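Just below is one structure, and these are the notes that go with it.
The values are calculated or read from the model by the stated rules, or taken from the named source; none is laboratory data. Values in this document were obtained by computation on a predicted structure and should not be read as measured data. When we count neighbours, we look across all protein chains shown, and the Cβ atoms used for this are built from the backbone with ideal geometry, even at glycine.
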Amino acid sequence: MSRIPFKVSARTALLLGRENVANAKGALIELVKNGYDADSPISLIYFDNKYADLPSTLDSQDLSHFISSGIDTTLLYEVYVDKSGQYNLKEEKPNKEKNPDIDAENLALKSIRNKFRKEINKLSAIYIVDFGEGMTKGIIENYWMTIGTDNKLSNMVTTKKRVKAGAKGIGRFALDRLGSRGEMTTFFNPLNRQISDEEKIINGYQWKVNWEDFEVPLKTIGDIGADLAPMENTNFLDLVKSSINIDISNVIDSIDETRFDKCFGTLLKISNLRDYWDNAAVRAVFSDLEVLVPPKEEDDFRVYLYSERQPESYGEVLSSVCDDYDYKLVAKADEEQNVKITVYRNEYDIESIPDGLFMRDAMSNSEKYHRKTFEEGSWVEETTFSRLLPGFSESDKEGHFKIIGPFEFSFYFMKRAATTPDATRFFYKRFMSNNRKDWLDKFGGIKLYRDNFRVRPYGETNDVAFDWLGLGNRKAASPAGVAKDTGGYRVEPENVAGAINISRLTNLNFEDKSSREGLQENNTFKVFKSLIAAIINKMEDDRSYIAREMAAFDDEQFGGQREMERAEKLAEDIANRARKNNNNKDSNASQENGDQDTSDDTQKNTEEELLALLIGVKNEKIERLEEEQKLLRGLASSGIVSASFGHDLSKLSDVLGSRVDKIIELIRVKVDETNYINVEDRKNPFEVLRRIKKQDLKIKNWLNFSLGFTRKDKRKREQLNLKNYFDQFKMDWDSALEDRLIKLHVDVPQDVVMRVFEIDFDSIFSNLLVNSIDAFLFSKTNDARQVYISCVADSKEISIEYRDTGPGLSKDIDNPEKIFQPLFTTKLNSSGDEIGTGLGMWIIKSVVEENDGTVKLLYPDNGFGLRMSFPHKYKAL
C-alpha cells in the first residue's frame with residue numbers, strides 16, 4: 001500500500017489568501033504589520049498615483065513617459081485635445097435639449113476615458129517601506145514562501161520585545177489583493193540574523209512574483225515560483241530615496257539611530273494595481289490608519305503615508321487623543337481577575353455647584369460625592385471579575401474568568417448636545433457641540449486592539465460591528481433618562497469612544513476568524529464583552545446618581561419658582577388670546593357686557609392655569625407609568641396568551657386527571673396485570689402508565705395554578721385571609737416543589753385579614769419562590785431545601801417574613817439593595833449573557849410600596865431573608 005500526497009491547485013491557494021484579506025485597506029494594514037514585526041521604527045506607505053485619475057492636462061513629458069512605458073497612446077488622442085504640445089482633457093458636450101445623438105457621443109467619450117484611465121493606471125504603484133531587520137535567503141524560502149507558516153505563532157516575541165501582530169502566515173497575499181505584480185527588496189541585518197557564507201558578501205535580495213501565474217489552469221502550488229536574486233553594492237537608504245518621488249528626509253531623520261539602523265529594511269513595490277488610488281481612496285486609507293494604532297504617549301512605532309498627487313496633504317498618521325470628554329473611565333485587569341477602575345469626571349462646572357448640593361444626605365454619605373472628590377476630578381474603585389458579574393462565578397464551569405486574562409480599557413463618554421435648562425440644572429460645562437460631533441463621527445465607537453494593532457471591524461463607523469458590545473440593545477431595554485429616580489440609565493453607542501487592549505501572549509482564547517475580520521465568537525469572548533459592559537456600568541451609575549441628586553436639589557430650590565413662571569406665562573398667553581378675541585367682537589356688545597365678561601374671563605383664566613399645572617403633574621406621572629408599562633409589557637404577553645386559551649387549557653386539565661385510569665381499564669380487558677408481576681417496571685406497561693399519570697398530575701396542577709393567576713376576581717381589592725391564601729398557595733406549588741426536594745412551611749395566624757389585591761400577593765410570592773428554586777438548583781451544597789413564610793400582626797402593622805435555606809445573595813454583589821433595581825440580575829448563562837429578566841425583585845418592591853408598605857432585606861446566617869411590612873390601614877376590620 002502506497003501513500004499519495006494531497007495537491008492544492010495554485011488558484012485555490014490564491015483564493016484562500018484573498019478570502020483572508022477582505023479589502024484593499026485591510027491588505028495595507030497587513031503589510032504595515034510586517035514592518036512592526038520586523039522591529040522597524042516606522043512604516044512608510046507611498047502612493048505613486050499621478051495617473052490614478054485622468055489629469056486635466058498633459059504635456060510632452062507625459063507623452064514621452066507613456067511611450068517609454070509601453071502605454072497605448074492611440075486612445076490619448078480620442079480623450080485629449082492637442083493644443084500646441086499641451087493636451088487638454090475633452091469635456092462632455094452640454095445637452096439641455098436631451099438630443100439623443102449628443103447623449104450617444106458623450107457616452108462613447110466616457111467609455112474611451114475609462115479605457116484610457118485603466119491603461120495609464122498601469123503606471124501607478126504602491127511602495128511600503130520599513131527599516132526593520134530584513135530577510136535572509138533562508139527566511140524568504142522557509143517563511144515568506146511558505147503559505148500558512150506558523151513561525152509567528154511559535155515565535156511570538158521579536159528581538160526588541162514586541163509581540164508580533166501577524167499569526168496566520170498569509171499576509172503576503174495582501175500583495176496580490178493590491179496588484180498583480182509584487183516586488184520585494186530586502187536588506188538583512190547580519191548582526192541579528194543567521195547568515196550563510198554567501199550572504200557575507202551581499203547586501204540583500206530582490207524577490208519578484210507575478211500573481212497571475214496562480215491563475216493558470218491545472219497548475220499546483222508547487223509549480224508556481226518567484227524570482228530571487230542577490231543584491232550587491234547597493235545602499236538601502238539610497239534605494240528608498242530613488243524609489244519615492246517626494247522628499248522624505250524628515251521621516252528618515254526622525255529615526256533614532258541609537259536604537260535603529262537605517263541601512264537595513266524591506267521595500268515592497270506593488271504594481272498593476274487592482275484599484276484606482278485617487279485622492280478620495282488615499283484619504284479614506286489615511287483616515288482608517290488613524291485608528292490603526294491606539295492612542296499612546298510612546299512613539300515606538302510610527303506610520304507615515306504620502307501621495308504623489310497630493311504630496312503636502314499627508315504625513316505622519318497620528319491617532320487622536322480625546323481630551324474634550326464628559327466622563328473618562330480607565331480599567332486595568334490583571335492575571336488574578338482583579339480590576340482597578342478609575343473614573344474621571346469632566347462634565348461639571350464645579351465652581352458653580354452650590355454647597356447645598358453636597359450637604360444632601362445622599363451626597364455626604366459617600367466620599368465619592370464630596371466636593372473634594374469633584375475638585376480632584378476622579379475616584380478609584382478596586383473590584384473583581386466576579387463582583388462585576390455577580391452570580392456568574394458559581395456557574396462558570398469552564399473557567400472563563402481565568403481564561404480571559406489581563407486587559408486594559410479606556411472609555412470616553414461625550415454628549416453631543418445639551419439644552420440650556422439641562423445645562424443649568426446639571427451644572428454642565430460649556431462645550432463645542434459641532435467639534436464633538438465631528439470627532440465622534442470619525443473616532444467614535446469602542447475599538448479593540450491586540451498588541452498595539454487594531455482588530456477590525458470592531459467599533460468601525462458605518463459597519464454592523466460598530467456597536468459590537470450591544471450598547472444600543474442595552475439602551476433599548478432600559479431607556480431611562482440620566483436623572484430617572486428608579487435608575488437604569490444606559491449610555492448611547494453614538495456618544496462613546498474607547499479602546500480595549502489585549503495581547504496574544506495573555507489572552508490566548510481570543511482567536512482570529514479565518515477572514516481576519518474580527519475574533520471568533522466563543523463563550524470566553526462573550527463573557528469578556530459582558531465584563532466590559534459591566535465596567536461601563538460603573539460610569540453610568542456614577543453619572544445617574546449625581547444627576548438624580550442634582551435634579552432633586554434643583555426641584556427643591558427652584559421648582560416652585562419655575563411653576564410660578566410657567567403659570568404666569570400661561571396666564572399671559574391666555575390673556576393675550578382673550579384680548580385678541582375681544583377685539584374681534586362687536587364693540588357695542590362688548591361695552592354693554594364688559595363687566596360680566598371681565599369677571600368671567602378672570603375666573604376662566606384662573607381655572608385654566610390650575611388645570612395646566614395639574615396636567616403637567618399628571619403628565620409626569622403618566623410618563624413614569626408608561627416606562628414601567630414598557631418593562632412589563634413583554635412579561636404580560638405570556639399571561640395574555642394563557643388567558644386567551646384558558647377555556648381550552650381548562651378542558652385539557654380536566655382530561656389529564658382521568659385519562660390514564662381509563663387507558664388502564666381498557667388494557668385490563670385484554671391483558672391480565674398479574675402477568676407482569678415478575679417483569680421489571682420499565683417493561684411493565686401498567687407501571688409505565690402510572691408514571692405517566694404522575695406526570696399528568698404535575699401538568700394539571702401547574703395548569704390550574706397558571707390559569708388561576710389571571711382570574712378576574714384576583715384583580716379586585718377585597719378582604720384576603722392570609723392563612724387561607726398561603727395554604728392555597730402552598731397547595732398550588734407543592735407538586736413543583738416536591739420534584740425539586742423543596743419543603744414549603746407556612747406559619748400564619750388564622751385571623752389576619754388584609755384588604756389587598758390577591759394578584760399583588762401572587763406577584764410577590766411567586767417571584768420570591770421562583771428565585772428560591774433557582775438558588776437551590778445553583779447551590780453547590782446538599783443542605784435541606786426549606787422555605788419559610790411567617791406572619792405577625794400588631795396594632796401598627798402586618799409583617800410578613802420570607803426566608804429560604806439556599807446560598808443567599810451572591811457575595812459578589814457589593815450593594816445588596818441593587819437587587820431591587822429594574823433589570824438587575826445575577827442569573828447568567830455559561831457565556832455571561834443575562835437569562836433572568838431582572839424584574840422580579842423590582843416588581844416585589846414596587847407592589848409593596850404601592851400598598852404603602854416597606855421592604856427590608858434580612859441577613860440570616862445562611863440563606864435569603866426578606867421582611868415586608870404593611871401599615872395598619874390595610875388590616876381589614
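Kindly provide the set of residues from region 438-464 that are of a type outside the set (A, V, I, L, M, F, W, C), assigned to a helix (DSSP H, G or I) and touching a residue at least 60 places away in the same chain (Cβ under 8 Å), ordered by number.
Kept after step one, since they are of a type outside the set (A, V, I, L, M, F, W, C), are these residues of region 438-464: 438, 441-442, 444-445, 447, 449-452, 454, 456-463.
Then keep just the ones that are assigned to a helix (DSSP H, G or I); that gives 438, 441-442.
Listed by number, the list holds a single entry, Lys442.
Inspect region 349-364 for any residue being over 24 Å from Lys818 (Cβ atoms) and under 25 Å from the mean Cα position of the chain (by Cα) and give the result as yes or no.
no
Quick one: which residue in Ser287, Ser313 is modelled with pLDDT under 95, surrounded by fewer than 18 Cβ atoms within 10 Å (Cβ to Cβ) and within 30 Å of Ser503 (Cβ to Cβ)?
Ser287
Which members of region 403-421 meet the condition of being under 22 Å from the mean Cα position of the chain (by Cα) and in a helix (DSSP H, G or I)?
Ile403, Ile404
How many residues, within region 298-330, are aromatic (Phe, Trp, Tyr) and assigned to a loop (DSSP other than H, G, I, E, B)?
The initial filter retains those residues of region 298-330 that are aromatic (Phe, Trp, Tyr), namely 301, 304, 306, 314, 325, 327.
Going one step further and asking which of them are assigned to a loop (DSSP other than H, G, I, E, B), we end up with 301, 314, 325.
Residues meeting the conditions: 3.
Kindly indicate whether Asp554 is farther than 15 Å from Tyr327 by Cβ, among the charged types (D, E, K, R) and assigned to a helix (DSSP H, G or I). Spell out how you get there, then give the answer.
Numbers: farther than 15 Å from Tyr327 by Cβ: yes; among the charged types (D, E, K, R): yes; assigned to a helix (DSSP H, G or I): yes.
Answer is yes for this residue.
Which of the residues spanning region 846-877 are part of a strand (DSSP E or B), over 40 Å from the mean Cα position of the chain (by Cα) and either exposed (fewer than 14 other Cβ atoms within 10 Å of the Cβ) or at pLDDT 85 or above (or both)? Give the derivation first.
In the first step, residues of region 846-877 are kept if they are part of a strand (DSSP E or B); the result is 854-858, 864-871, 875.
Restricting the remaining residues to those that are over 40 Å from the mean Cα position of the chain (by Cα) gives 869-871, 875.
Matches in region 846-877: Ser869, Phe870, Pro871.
How about region 459-492: which of its residues are closer than 21 Å to Pro421 by Cα and either among the hydrophobic types (A, V, I, L, M, F, W, C) or assigned by TED's automatic domain parsing to the domain that holds Glu290 (or both)?
Ala480, Val482, Ala483, Val491
Return the residue satisfying two criteria in turn: it lies in region 1-36 and is crowded, with 20+ Cβ neighbours inside 10 Å and of a type in the set (D, E, K, R), and of such residues it is modelled with the highest pLDDT.
Residue satisfying both the conditions and the ranking: Lys33.
Just give me the residues in region 464-521 being over 30 Å from Ala362 (Cα atoms) and β-branched (Val, Ile, Thr), in sequence order.
The answer is Val464, Ile500, Ile502, Thr506.
Criterion first (among the β-branched types (Val, Ile, Thr) and in a loop (DSSP other than H, G, I, E, B)) does Thr424 satisfy it? Break it down into steps so the answer makes sense when it comes.
On the way: among the β-branched types (Val, Ile, Thr): yes; in a loop (DSSP other than H, G, I, E, B): no.
No, not satisfied.
Here's a check for you: in region 316-326, which residue that is touching a Phe, Trp or Tyr at 6+ places or on another chain (Cβ under 9 Å) and at pLDDT below 85 is surrounded by the fewest Cβ atoms within 10 Å (Cβ to Cβ)?
Ser320
For the structure I just gave you, tell me whether Leu689 is in a helix (DSSP H, G or I), at pLDDT 80 or above and in contact with a helix residue (DSSP H, G or I) (Cβ under 6 Å, 6 or more places away or on another chain).
Numbers: in a helix (DSSP H, G or I): yes; at pLDDT 80 or above: yes; in contact with a helix residue (DSSP H, G or I) (Cβ under 6 Å, 6 or more places away or on another chain): yes.
Spelling it out, Leu689 is indeed in a helix (DSSP H, G or I), at pLDDT 80 or above and in contact with a helix residue (DSSP H, G or I) (Cβ under 6 Å, 6 or more places away or on another chain).
So that you can scan it fast, the table gives a plain yes or no per residue for (1) assigned by TED's automatic domain parsing to the domain that holds Leu720; (2) closer than 22 Å to Ala533 by Cα; (3) surrounded by fewer than 16 Cβ atoms within 10 Å (Cβ to Cβ); (4) without any contact (Cβ under 8 Å) to a residue 24 or more places away in the chain:
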| residue | (1), (2), (3), (4) |
| --- | --- |
| Gln786 | yes, no, no, no |
| Lys796 | yes, no, yes, no |
| Asn815 | yes, yes, yes, yes |
| Leu823 | yes, yes, no, no |
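Among (1) buried (at least 19 other Cβ atoms within 10 Å of the Cβ); (2) in contact (Cβ under 8 Å) with a residue 40 or more places away in the chain; (3) part of a loop (DSSP other than H, G, I, E, B), which single condition is Asp467 missing?
Only one criterion is unmet by Asp467, namely (2).
Return the only residue of Ala534, Ala480 being among the aliphatic types (A, V, I, L, M), under 24 Å from Cys322 (Cα atoms) and either assigned to a helix (DSSP H, G or I) or more than 12 Å from the chain's Cα centre (by Cα) (or both). Show your work before the answer.
On the way: Ala480 fails: under 24 Å from Cys322 (Cα atoms).
Just one listed residue meets the conditions, Ala534.
Determine whether Gly399 is at pLDDT below 95 and either exposed (fewer than 13 other Cβ atoms within 10 Å of the Cβ) or out of contact with any Leu (no Cβ under 8 Å at 6 or more places or on another chain) (or both). So that I can check it myself, show each step before the final result.
Working: at pLDDT below 95: yes; either exposed (fewer than 13 other Cβ atoms within 10 Å of the Cβ) or out of contact with any Leu (no Cβ under 8 Å at 6 or more places or on another chain) (or both): yes.
Against the criterion (at pLDDT below 95 and either exposed (fewer than 13 other Cβ atoms within 10 Å of the Cβ) or out of contact with any Leu (no Cβ under 8 Å at 6 or more places or on another chain) (or both)), Gly399 qualifies.
What's the total number of residues in region 761-784 that are crowded, with 18+ Cβ neighbours inside 10 Å and acidic (Asp, Glu)?
1
Considering each of Gly225, Gly166, Gly171 in turn, give the residue that is modelled with pLDDT of 85 or more and part of a loop (DSSP other than H, G, I, E, B).
Numbers: Gly166 fails: modelled with pLDDT of 85 or more; Gly171 fails: modelled with pLDDT of 85 or more.
Answer to the check: Gly225.
Is it the case, given these coordinates, that Ile800 is of a type in the set (Val, Ile, Thr) and farther than 25 Å from Leu389 by Cβ? Spell out the reasoning first.
Values: of a type in the set (Val, Ile, Thr): yes; farther than 25 Å from Leu389 by Cβ: yes.
Yes.
When residues of region 180-229 are filtered for being within 17 Å of Tyr143 (Cα to Cα), among the charged types (D, E, K, R) and surrounded by fewer than 14 Cβ atoms within 10 Å (Cβ to Cβ), how many remain?
1
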